[in-house]
Amino acid sequence: MIRQVSRNQLRLRIHGRLRKRLGGTSERPRLSVFRSLHHIYAQVIDDRDGRTLCSASSAEKSSPAKSGGNVAGAAEIGKLIAERAGQAGVKQVVFDRGGYLY
């Protein structure tokens, strides 16, 4: 009997393998990006302390992006997360793609 594996189960397996090698420190925190159909979310995370240093989302009321579901909206959120990370003293990050192909 052949067991069917859903796309999300496969992505979660890939994400688990990535997270074994990938972790954020206070010197170089992890940048986690999640994209839905309508919005894009970004977080800068310090895994050793277990806290989020800064975040940005197209779902925020003060967001400059009209929509996060397109390239222009994602670029605006990228600028916003870079600005907030700079204010938090972050110079470099490790990109966590979460098992998705970016």
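Observations, loosely collected:
- Distance distribution note for the chain: the fraction of Cα pairs above 15 angstrom is 65%.
- Net lengthening on full extension, ARG21/SER36 (0.36 nm per residue, minus Cα-Cα): 2.9 nm
- Its DSSP H runs of at least 4 residues, each contributing -39,500 (n - 2.57), put the calculated 222 nm mean residue ellipticity of the chain at -10500 deg cm²/dmol, to the nearest 500.
- Extension gain, ASP49 back to ARG13 (0.36 nm per residue minus Cα-Cα distance, nm): 10.5 nm
- Only Lys, Arg (+1) and Asp, Glu (-1) charged, at Cβ; the chain dipole about Cα centre in debye: 540 debye
- Gain on full extension, evaluated as 0.36 nm per residue between LYS61 and TYR100 minus their Cα-Cα distance, stands at 11.3 nm.
- Cα shape, region 19-62, gyration tensor, a/c 1.5 rule: oblate
We did not get these values from a lab; they are worked out from the coordinates using the rules stated. Worth saying up front: this structure is predicted, and the values here are computed from it rather than measured. All Cβ positions, glycine included, derive from the backbone under ideal geometry; neighbour counts span all protein chains shown.
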